[in-house]
Structures are given as C-alpha cells and as structure tokens.
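> Got a structure for you, written out below as structure tokens; questions coming shortly.
The values are calculated or read from the model by the stated rules, or taken from the named source; none is laboratory data. Being a predicted model, the structure only gives us computed values, none of them experimental. We place every Cβ from the backbone using ideal geometry, glycine too, and count neighbours over all the protein chains shown. Protein only, heavy atoms only, side chains kept; ligands, DNA and RNA dropped before computing areas. Shrake-Rupley method; radii C 1.70, N 1.55, O 1.52, S 1.80 Å.
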2 protein chains.
Amino acid sequence: MQKNKLPTIKEIAKRLNVSVSTVSRALHGHPSIGLVTTMRVQKIAEEIGYEANKSAIHFKERKTYTIGVIIPNLSEPFFSSALSGIEDIAEKHNYNVIIGQSLDNFEREKRIVENMKDHRVDGVLVSLTKDTSTYEHFENLKKYNIPVVFFDRVPARKDINFVACNLLSGMLQAMAKLVKAGHKRIGLINGPAKLAATLQRVEIYFKCLKENNLPIDQDIMVSTSLAKSDNVKAIQKLLALDERPTAVIVFNDYVVLDCIAAVKAAGLEVNKDISFISFANLPIWEYMDTLPLASIEQFAHSQSVIATEYLFKMIDEPGAGYGTDKPYLQHVIDSEMIDYSL
Amino acid sequence: MQKNKLPTIKEIAKRLNVSVSTVSRALHGHPSIGLVTTMRVQKIAEEIGYEANKSAIHFKERKTYTIGVIIPNLSEPFFSSALSGIEDIAEKHNYNVIIGQSLDNFEREKRIVENMKDHRVDGVLVSLTKDTSTYEHFENLKKYNIPVVFFDRVPARKDINFVACNLLSGMLQAMAKLVKAGHKRIGLINGPAKLAATLQRVEIYFKCLKENNLPIDQDIMVSTSLAKSDNVKAIQKLLALDERPTAVIVFNDYVVLDCIAAVKAAGLEVNKDISFISFANLPIWEYMDTLPLASIEQFAHSQSVIATEYLFKMIDEPGAGYGTDKPYLQHVIDSEMIDYSL
DNA sequence: TTGTACGCGTTATCAG
DNA sequence: CTGATAACGCGTACAA
C-alpha cells in the first residue's frame, strides 16, 4: 500500500516549479535566496513533512557520523558502564554508536572489525578479547583512515593509542595495608595468560612482594580462565595447601565473588582465615556483607571517556597528527585503592 | 597526505578499460561476464584491496541495515543484558545496532527518536522513560515505515507491538508463600507513578491481598522515585509505623538493596523483623548473604530477544501485515518466582 | 536571485 | 558478453 514515498527535496522542487538547488538553499536559509521563495519552500516542506535524509548527506560527505565500539561483553558491568560513557560523549558530538560484542572470541572480534570497516564508521574504540595477540585486523582500519583507540584491554605495543589503568599505585597501598596487618603469605589468583593485564598483575605482585621483603612462592600462584567453575577451582587449590596463604591478590572482583562463596562453603571465614584484595571496585560491594579488604578501582567510565574524547580529536582533525607517532595517546590512569576494611 | 583514495569499482574499471558495470558484475560472479574478464577484474580488485562500500549500497537500497535501541540506562544490568540479547539477534541478521540512552528523560527520548529517524534506521526497539506518557514521537516513525517494538517498559495502549512481563503469576506464588509463613501485614513500596509497571504493581498487590483475604491498608503503601535516598526514606517510613508490616512487596531489586541496608542500619533483622519480595532477580543475589525471600524474574534477555525477532519479521516482510491490526505483537511473558528462602 | 550540472559508489535496465 | 545511462538524495561550484 504505502509506497516508500518519503518527501524529498526533489518533490518540493517539483511542486513549486523551482530547482532542487533552490529548495536546498532555501531550506538552509541561504542568503542568496529570495525571502518569498524561501518562505514558500519552507512552507510546503513543513506541510509535506519533509526531513532531510541524513544517510544521503553522509554518503555524499563520505562520513557516517558513527563510531564503533568493540567490547568483549555487554553483560559485564565494567563494559556496559564504559559503553555508557562512550555513548554520552558521542551524543555530545552528534555521533551515533554502534556496538559489537566479541564475546571474548578472537574470530568474532575480527568479523566485527571487518563489519565496521564495511560500514565505514568514522572511528573505533576497542577493548580486546582475552585471546587477541595479533593486530592485523586493526591495521586494516588504518588503510581506511579509520582511527582506533584501545581502552582497558589494550595491545602490548607502543605504536597505538590507548588508555589503560596503571594498577601498581593502588596495589601498593593495598599491599602495604596487608603487610601492616601482619600478612606474610600472600597468594595470587591470576587471569588468562593471553590477557595483557595478567602479565601486569604478576609484575605488580612480584614488585609488591619485593617491596615488602616477602619471598616468591610458586605454590601460592594460580590462575583462572575467569569461568566460574575455574574460579572456584583456583581458590580451592589454595585452600587445600598445607600452608595456605593468609591473603590473596585476585584478578578481579568477579573472581573474588566466587572465592568468597567457596571459602564460606569450606567452612572458613573471609577476612579471618583468608583475606582478599582485587581489581575493579564493583558497585555492589556497597551492599555486600562479606567483601574483600580492598578493591583497586579500574575507572571504566574515565577510561572510556578519555579514549572517546581522543578518538573525536582524531576524527575532527585528521591530518593534525593525532594518533601518529609523537602524539600517540598513551594515557595511563593511576589506580586507587578502595578500602573496604573500615 | 593520504587523500581519501579508497579503491572503488570505478578505479578498477579505469585501470582495465572496461565499464563499471562490467566490474560490478564480474565482482559478483555474474554469469554473463567472460571468464577472462572476470578473472582480470578480480585480480586487480584483490591487488588494490578493493572492498565494496556498504554504505553506498545501503544508500542505493534505501536501507541502513541498522536498528536502533532506545533504553533508559545502559548502566542498569537489566537493560545492558537486554541490549546484549538484542545485539546477538541483530548480528545473526547481519544488522547493526545503534543505541540511545534516554536517561529516563522524556526530552532526550524524543531527541533520540528523532535522530534515529534522521538516520533512517530500519527498525526501533524501545523501553520507555519513566516519564513517557505521550507517544507522538513514535507515531512519527510510522510515517517513515520504521517499525517499532516496545519491551518491558511499554505504553499502555493496544495499537502497538510490545513484549512485557505479566508479573502476576510469579507474585501469586510469592504471596502464597508469605501467607503460609504467617504474614498478615504485607506492605508495598511502589515506584514512580508515571511508570506503567507501577500501576501494575498496585493491581497485583491488591489482587494478591484479596486472594488471601487480607485487608488493604493505605498506611503500609508508600512509593519511591527509585533514587537511593528516596528508597531509604520509603522503608524508613514503614519501619517507623506503630504497627509495621512484617513483609513488604518492593518495586524492584535495586530498591530492596537499599531497604536491606536501611533495615540493618536500624538494628533490625531482615527476614525476621521484616521480609521482602521484589522484582527483577538480579544476578548478584547468588552472592549475597542477606536477600529477599524471593524475587520475581523479569526476563530481560527473553523479552528483548522476542521483541527483536518480531522486529526483524516486520523488517523482512514489510506489507505482510506484521505490526498492523491483527498481528500486533502483544507478548506477555509469565513471570516466575525465584525462591531465595531455601 | 535562481538554475544547471556534477559527484558520492553501486546496481539495474536497456542496448548493442 | 559488454557498455552506457539512470537512479538513490543531497549539496554546491559555476553559470546565467
């Protein structure tokens, strides 16, 4: 029935027996168009409910006014909160945001990048899969002049733009606190080996031990794929040790949640038999009865906002050198211990 | 430096001294093109790294292969989980998803709808603002043949497509459980008046009281704007009553979180001095020590998936009558009590 | 002050 | 088998 008969500039021109350019200019209030004509045009534009087809304009401008966001999983508060920040900034720039969930799957990540390139987004924000260790799919975007900024889960390279968290600062505070409380045997539950953050955690862990003159003991270092069952296994391994750690650094708050449950299930008491410190600072701690001693804030929102703002710099001033060589964005946010033991 | 010199079909044509149509057909493996020509074309296409400009194709097809999602807030797990489901389905249909956060602000919602229309999305999914009570901005989309499906927070109308939760079924189970446990004074903490769900809650509340031969008492009915401070005020009002309720139906799990905290702060014990039942079934309950007696699952994921699939039916078969009159989607999911008291 | 012509990248139609 | 041309909706340099 209703044919796709959307009002166009052409339609208006026909009705008024003027040219499309006149209509176009009239609609934009161009000074060179006579007042009467302008009014007449605007009048029927109003009447027939004309509204410019942005996608046509974008096509012509060879821009889409859209940025792409690639993240592992929307269901994780960390990422949805980041996305929320991104959308905020994009909206201020009159940009749209399209999303792609990699689901921590490298192949999917590649497909999503491909798709975003096909759609000619004007820029891309990425938080990597835990399995991403090559970056050609992103290189490809350079060919299309599509700027990329990584955040949080970033490649281990120097020729890219990223914003991430320096976990050390907060961790040092936390560690000092543990040592002061008398902990001498401090374990580590780390994440998947391929994640850059995992390596970082080890480094920090070592550094902190050293800083406090504590020995390194491989027995109390375990890791998890981040799957729930694996989290439980990890903590259980530690609990089963003859000489178990009295405190544990944990990859993130989600893992700690499972650890706490497992400790309770084992008939032990959190913060007495064993204490935890982890990374993320989930908003729910506020409501929990049993929490880690401290959590190292990761600033999902700040990270994403900074990344997005830089992305827009690159988009708005192409050729200004942003994102190339010297002015690479390599923003590292100092982390911060949030003390829950008070 | 690098001019926007992306390889196009035209470029290939020039290099080979053939027409663009030949190139186009060769690229698509059209049978009418000679094998040699086809090969030659594909060869340099490969060489110069040609990739079709989808946005040009979409422009020509007058489709964007993009759907819009309008939700109050990405930071709420309920909505991010819904969005996750939407993105999943869209991806299967090779569609993109653009998002808009209304932040529960009616004016923003209008702007977002406008924006999505400007961008000519092929369809829209909406969960309303708590202040939305008029729907002209959506009517407008009809003019552009952009189908709309509402989910969860839906308009109180019959001439639209929606999927929502019937909260009654789960609630009846929960209520039966309360009564069986001896509760006779059951209060209500409701949400903002403008939200359709608020009215629904009252109806259910009344119905359940009646079903169980309990009297209605205005004193134990309060409401909150959903802001934290307001949540606390609401529960405190109930706690301050001479004869306070022994159990309370609460608008949703987020409000309960604040209630529980307030109860503890008042030196009372949850599930002893006062019990709660609410709506949402947050994933974190699993990890909490203090939880409501039960939570009525809202099925964020299911709702959004069903809504999205119907949206694609409308998109894929326009004129098939979907979304008009008889085949309006008015899918109501029966809710389900999740019992946490075991 | 207004109109003509062109370009954005692609596909479809019609001719040859 | 291949090419020229129109069309999608709009903006704009150039011409009148």
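> In this structure, does B:ILE160 turn out to be free of Cβ contacts under 8 Å to residues at least 60 places away in the same chain and among the aliphatic types (A, V, I, L, M)?
Criteria not met by B:ILE160.
> Conditions: (1) more than 15 Å from DNA strand D (Cβ to nearest atom); (2) on the phi < 0 side of the Ramachandran plot; (3) at pLDDT below 95. A:THR66 meets all but one. Number of the miss?
Of everything listed in (1) more than 15 Å from DNA strand D (Cβ to nearest atom); (2) on the phi < 0 side of the Ramachandran plot; (3) at pLDDT below 95, A:THR66 misses just condition (3).
> Look at the range B:195-235 and say how many of its residues are outside any helix (DSSP H, G or I), out of contact with any helix residue (DSSP H, G or I) (no Cβ under 6 Å at 6 or more places or on another chain) and under 16 Å from B:PHE251 (Cα atoms).
Residues meeting the conditions: 6.
> Let me ask you something else. Give me the residue from the range B:8-19 that is of a type in the set (Val, Ile, Thr) and out of contact with any Ser or Thr (no Cβ under 9 Å at 6 or more places or on another chain) and, out of that set, nearest to DNA strand C (Cβ to nearest atom).
B:THR8
> Name every residue in the range B:10-20 that is open to solvent by less than 50 Å² (accessible area, probe 1.4 Å) and either in contact with a Phe, Trp or Tyr (Cβ under 7 Å, 6 or more places away or on another chain) or part of a helix (DSSP H, G or I) (or both), in order of residue number.
B:ILE12, B:ALA13, B:LEU16, listed by residue number.
> Among the residues of the range A:21-32, what is the count of those that are modelled with pLDDT of 90 or more and either within 14 Å of chain B (Cβ to nearest Cβ) or surrounded by 12 or more Cβ atoms within 10 Å (Cβ to Cβ) (or both)?
7
> Another question, if that's okay. What are the residues in the range B:46-72 that are of a type in the set (Phe, Trp, Tyr) and over 27 Å from B:LEU125 (Cβ atoms), if any?
Taking the range B:46-72 as the starting set, the residues that turn out to be of a type in the set (Phe, Trp, Tyr) are B:50, B:59, B:65.
Answer for the range B:46-72, where residues must be of a type in the set (Phe, Trp, Tyr) and over 27 Å from B:LEU125 (Cβ atoms): just B:TYR50.
> Counting just the residues of the range A:165-195 that are modelled with pLDDT of 95 or more and of a type in the set (A, V, I, L, M, F, W, C), which one comes out nearest to A:LEU128 (Cα to Cα)?
Checking each candidate, the answer is A:ILE189.
> Tally the residues that are in contact with a strand residue (DSSP E or B) (Cβ under 6 Å, 6 or more places away or on another chain) and in a helix (DSSP H, G or I), restricting the search to the range A:172-194.
Our first condition is that a residue be in contact with a strand residue (DSSP E or B) (Cβ under 6 Å, 6 or more places away or on another chain); within the range A:172-194, this holds for A:173-174, A:178, A:183, A:186-190.
Next, from what is left, pick out any that are in a helix (DSSP H, G or I): A:173-174, A:178.
The number of residues fulfilling the criteria is 3.
> Is at least one residue of the range A:78-92 within 25 Å of B:THR64 (Cα to Cα), without any contact (Cβ under 8 Å) to a residue 60 or more places away in the chain, within 16 Å of DNA strand C (Cβ to nearest atom) and buried (at least 18 other Cβ atoms within 10 Å of the Cβ)?
There is no residue in the range A:78-92 that is within 25 Å of B:THR64 (Cα to Cα), without any contact (Cβ under 8 Å) to a residue 60 or more places away in the chain, within 16 Å of DNA strand C (Cβ to nearest atom) and buried (at least 18 other Cβ atoms within 10 Å of the Cβ).
> Please specify each residue of the range B:33-53 satisfying the condition of being near DNA strand C (Cβ under 8 Å from one of its atoms) and either assigned to a helix (DSSP H, G or I) or surrounded by 18 or more Cβ atoms within 10 Å (Cβ to Cβ) (or both).
Passing the criteria: B:TYR50, B:ASN53.
> Can you tell me how many residues in the range A:210-232 are open to solvent by less than 70 Å² (accessible area, probe 1.4 Å) and touching a residue at least 24 places away in the same chain (Cβ under 8 Å)?
11
> Hey, A:PHE59 hits all of (1) out of contact with any helix residue (DSSP H, G or I) (no Cβ under 6 Å at 6 or more places or on another chain); (2) near DNA strand C (Cβ under 8 Å from one of its atoms); (3) open to solvent by 50 Å² or more (accessible area, probe 1.4 Å) but one; which does it fall short on?
(1)
> Same structure, new question: Can you tell which of B:VAL149, B:VAL202 is buried (at least 18 other Cβ atoms within 10 Å of the Cβ) and not small (Gly, Ala, Ser)?
Working: B:VAL202 fails: buried (at least 18 other Cβ atoms within 10 Å of the Cβ).
Exactly one residue qualifies, and that residue is B:VAL149.
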